[in-house]
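Quick notes on the structure that follows.
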Amino acid sequence: MAPGLQEYVLGGGDETGGAALRDALEPAFSVVEDRGSAGARRLTWLDTFDWRLYRAGLVLAHEQARRAGRLLLTASDGTPVAEQSAPAAQPRRPTLELPAGPVWDRIASLVSPRALLPMARAVSTASVTRLLNADGKVVARLVTDAARVSAAGCEVDLPVRLAIAEVRGYPGQARRAARLLAEAPGVSAATQSTFAAALQASVAVASLLLRLLDTLEQNTDGVLRDIDTEFLHDLRVSVRRTRSAIKLLGDVLPADLADQYAAEFKWLGDLTTPTRDFDVYLLGFDSMAASLVAASPADLEPFRAFLARRRAREFRRLAAALSSPRFRTVTEHWRKALVEVRDARPPRKTKSSPNRPPTAADLAVSRTERAHRRIVTQGRAIDQNSAPESLHNLRKRGKELRYLLEFFAPLHDPVAYRKVVSDLKQLQDVLGEFQDSEVQREELHALADAILAERAAPAATLLAMGELAAHLAESQAEARADFSRRFTAFASPAGLQRFTTLLGRADQ
Amino acid sequence: MKIYATYNIKGGVGKTTAAVNLAYLSAADGDRTLLWDLDPQGAASFLFRIKPRVKGGGQALIRGTKTLDGAIKGTDFDRLDLLPADFTYRNMDLLLGRKGTHSDPKHGEPKHGEPIHRIAHLLQPLAGEYDTVFLDCPPSISLVSENVLHATDILVVPLIPTTLSVRTLDQLTDFVASFNGHRPQIRAFFSMVDRRKSLHREITTDLWKQRPDVAQTAIPALSLIERMSIERAPVSAFAPRSQASRAYQSLWSELRPAPAP
């Protein structure tokens, strides 16, 4: 789609719609079809499995037109960002990197280490209509785009998309055309739906858990095929969020459902930990090796090989578990139970129970407030002499609050939400640094023992690993020193006021 | 950014039609092209159906209170933009010569602060946006034309085959040769040639022998070229296979930079 002021969709079919558009625009412009402009393009949209480009406001498409290929990177409103030529053949397989060029330069750090997958294909036929002023000058263009999209085995004709493209120096005319277009019968602005605040709490929680289950299942195949490391990461995040939601919101579900599945999801979470730990080591290996001062990066190579062997062993275990009947049963039964809750009829008001059941908004306020209160209380109790466990526990509470904020994000005012999340993120970063350094240091000791027992590497490797352990101890000490400053900012009167504002608005 | 200017001291020699057609062909070649209609009569603006008006007039552009960028209009053709004429351009000589239009020498660029370098200086910020710029100059010898001569890489001079025109070309060549530093390359071509007139045939043949900087392509006097003012478009846009269109294409292939090997 060409860049435009606003995109619209046309209902009611192309044939009747074309005449309606002409009628709408003709009072202000002479409308002339540009005969040379129509052309078919084959498009393949590429993105990572978790839609990193889309979430960053970018759209990447491979375009095949007139036997040539191009990669087009645009902002979500269609504004061009970068472009590079590409082979004409449509991409069909996941790829970890694109050929060097302006598009890859712009997105490499954003998508890495994820693979780019063909997400959807379309054959699109665009045509251009020229809008002329009284002098016969083109002052704007109407671009219509009819596309047949295929994704996930289905083919659909998309509603015809319309956009007004501006001609340089005539912005007023383009705005005028867009206004007339928006008023034409059958034309509506391309928008998206929103979350309903009035949703019954149990229905909202079941819907939320179903979405998390969708993510978990969508990532399973990618984990089993080992396409890239982030499938496992995302699967773990969906498990962790499910566990938090069960713990913090599970009481609104029917009796025992939460208790029953809490144990199953703990099993699933534990199952994925060893492989992910090795992934984290291997992903950060080069920067870790570069930080060595006394030892040389080459000394660490036997350690890398050791990690890769261990990772392969753990991955086989994980793959076996994800293919097991237990995993299938858990996910199938969990889905069935959640669908029942989501689709249950709302309880009717009777004289004996005149109160309405709690809504999603009620739940958002009460649980988020409670989680926040807990962090403030526990954080204030921490001083220089507190044990590391107290910081670890605070980190868990921070994650719970973050998940609650994210679960109910559509209910909050976006500005207030951004401020609160930003405060919390700063605190979480320092707590994460503290704990990750400690855990990694302990693991490093255990791995050194294993290497020694297996005689898998020379002494130089162990010495280099010792230096890594020293770096980690240093980062941990810095994080500890930074904690009180971050927490004071988080629990300051201004920080608390931002939180009150957020919940005040969610309640309305 | 390559800068061409179509220029002749005399009016009515096919200067604007050359600028419009060559700029169109440059854009059709794939170059991002800008045509600046410097003639207050606004003929090039008229041919592209664009109103000959610039907000704030020539004064705002020359003084730098408005940028050229903000005054540019898109034509009906891909990659071809136009900076329209304005009636205030008739006073451009005064504007260019006036104090306060110069860059501050303390902040560098003292050379560009001189009145004769003002247009070159104004075009500089557009270097990233356009590959080719055409300047369509008013017919005269003035501070404007002198500015244009200093800004230009290639000076395209249409010549009607008359003895006086040839003399004017010699004068122009001498004048450019007197410049210190940057000198534009002069590329003349015969315009409005009527092969039925023996004088036209004689003069073209003689001058081709004497001056290698005169293009081999001659633009004939054709009613189709005059028709541009009715169609309000370049000939190659409304009659791409015509003799007139072929003549401008052949001229452009002589004038445009050689394609990279």
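The values are calculated or read from the model by the stated rules, or taken from the named source; none is laboratory data. The structure presented is a predicted model; accordingly, all values stated were derived computationally and were not measured. Note that each Cβ is placed from the backbone with ideal geometry, even for glycine, and that neighbours are counted across all protein chains shown. Note: accessible area is taken over every heavy atom of the protein model, side chains too, but ligands, DNA and RNA are not part of it. Shrake-Rupley method; radii C 1.70, N 1.55, O 1.52, S 1.80 Å.
Within the stretch B:12-59, the set of residues being among the aromatic types (Phe, Trp, Tyr) and within 13 Å of another protein chain (Cβ to nearest Cβ) comprises B:46, B:48.
Within the stretch A:175-182, can one find any residue that is at pLDDT 85 or above and open to solvent by 70 Å² or more (accessible area, probe 1.4 Å)? Yes, the conditions are met somewhere in the stretch A:175-182.
Among residues of the stretch B:68-85 that are facing chain A (nearest Cβ under 8 Å), those with a beta-carbon under 8 Å from a residue that is in a strand (DSSP E or B) and among the hydroxyl-bearing types (Ser, Thr, Tyr) at least six positions away or on a different chain give the pairs B:81/B:33.
Just a yes or no: is a residue in the stretch A:394-409 outside any helix (DSSP H, G or I), of a type outside the set (D, E, K, R) and open to solvent by 50 Å² or more (accessible area, probe 1.4 Å)? Checked against the condition, which is being outside any helix (DSSP H, G or I), of a type outside the set (D, E, K, R) and open to solvent by 50 Å² or more (accessible area, probe 1.4 Å), the stretch A:394-409 yields no hits at all.
Say whether the condition of being within 14 Å of another protein chain (Cβ to nearest Cβ) and without any contact (Cβ under 8 Å) to a residue 12 or more places away in the chain is met by at least one residue in the stretch B:221-233. Yes, there is a match, as at least one residue in the stretch B:221-233 is within 14 Å of another protein chain (Cβ to nearest Cβ) and without any contact (Cβ under 8 Å) to a residue 12 or more places away in the chain.
Condition first: under 20 Å from residue A:462 (Cβ atoms), at pLDDT 90 or above and not aliphatic (A, V, I, L, M). Now tell me which residues in the stretch A:257-284 satisfy that. Hits for the stretch A:257-284 are A:277, A:278.
Quick one: is residue A:264 surrounded by 17 or more Cβ atoms within 10 Å (Cβ to Cβ) and of a type in the set (Asp, Glu)? Yes: the conditions hold for residue A:264.
Taking first residues from the stretch A:76-92 that are at positive phi and partners that are assigned to a strand (DSSP E or B) and of a type in the set (Asp, Glu), the Cβ contacts under 8 Å between residues at least 6 apart in sequence or on separate chains come to A:78/A:7. The helices (runs of 4 or more DSSP H) found wholly in the stretch B:142-255 and carrying at least 1 residues that are open to solvent by 70 Å² or more (accessible area, probe 1.4 Å) occupy B:163-177, B:198-210, B:223-226, B:228-231, B:243-255. Restricting to the stretch A:270-285, count the residues that are farther than 16 Å from residue A:319 by Cβ and either of a type in the set (S, T, N, Q) or in contact with a helix residue (DSSP H, G or I) (Cβ under 7 Å, 6 or more places away or on another chain) (or both). Within the stretch A:270-285, residues that are farther than 16 Å from residue A:319 by Cβ and either of a type in the set (S, T, N, Q) or in contact with a helix residue (DSSP H, G or I) (Cβ under 7 Å, 6 or more places away or on another chain) (or both) number 5.
Cβ-Cβ distances below 7 Å connect the following pairs, each with a first residue in the stretch B:109-122 that is open to solvent by 30 Å² or more (accessible area, probe 1.4 Å), a second residue that is modelled with pLDDT of 80 or more and among the acidic types (Asp, Glu), and a separation of six or more residues or different chains: B:116/B:146.
For the stretch A:89-111, the condition holds for at least one residue, the condition being that it is among the polar types (S, T, N, Q) and either buried (at least 17 other Cβ atoms within 10 Å of the Cβ) or over 30 Å from residue A:280 (Cα atoms) (or both). Restricting attention to the stretch A:415-433, does a residue exist that is under 19 Å from the mean Cα position of the chain (by Cα) and within 24 Å of residue A:469 (Cβ to Cβ)? For the stretch A:415-433, residues under 19 Å from the mean Cα position of the chain (by Cα) and within 24 Å of residue A:469 (Cβ to Cβ): present. On the stretch given as the stretch A:235-251, residues that are surrounded by 20 or more Cβ atoms within 10 Å (Cβ to Cβ) and more than 15 Å from residue A:407 (Cα to Cα) total 2. Filter the stretch A:122-152 down to the residues that are touching an Asp or Glu at 6+ places or on another chain (Cβ under 7 Å), charged (D, E, K, R) and away from every other protein chain (no Cβ under 14 Å) and list them by number. Passing the criteria: only A:148. Taking the stretch A:281-322 on its own, how many of its residues are aliphatic (A, V, I, L, M) and either exposed (fewer than 13 other Cβ atoms within 10 Å of the Cβ) or more than 20 Å from residue A:224 (Cβ to Cβ) (or both)? Counting residues in the stretch A:281-322 that are aliphatic (A, V, I, L, M) and either exposed (fewer than 13 other Cβ atoms within 10 Å of the Cβ) or more than 20 Å from residue A:224 (Cβ to Cβ) (or both) gives 13. In the stretch B:194-215, the residues that are over 16 Å from residue B:169 (Cβ atoms) and in contact (Cβ under 8 Å) with a residue 12 or more places away in the chain reach residues that are open to solvent by 30 Å² or more (accessible area, probe 1.4 Å) and among the hydroxyl-bearing types (Ser, Thr, Tyr) with C-beta atoms within less than 9 angstrom, at least six apart or across chains, in these pairs: B:199/B:162; B:199/B:163. Scanning the stretch A:111-134 for residues that are closer than 12 Å to residue A:96 by Cα and among the hydrophobic types (A, V, I, L, M, F, W, C), which turns out nearest to the chain's Cα centre (by Cα)? Within the stretch A:111-134, the match that is nearest to the chain's Cα centre (by Cα) is A:111.
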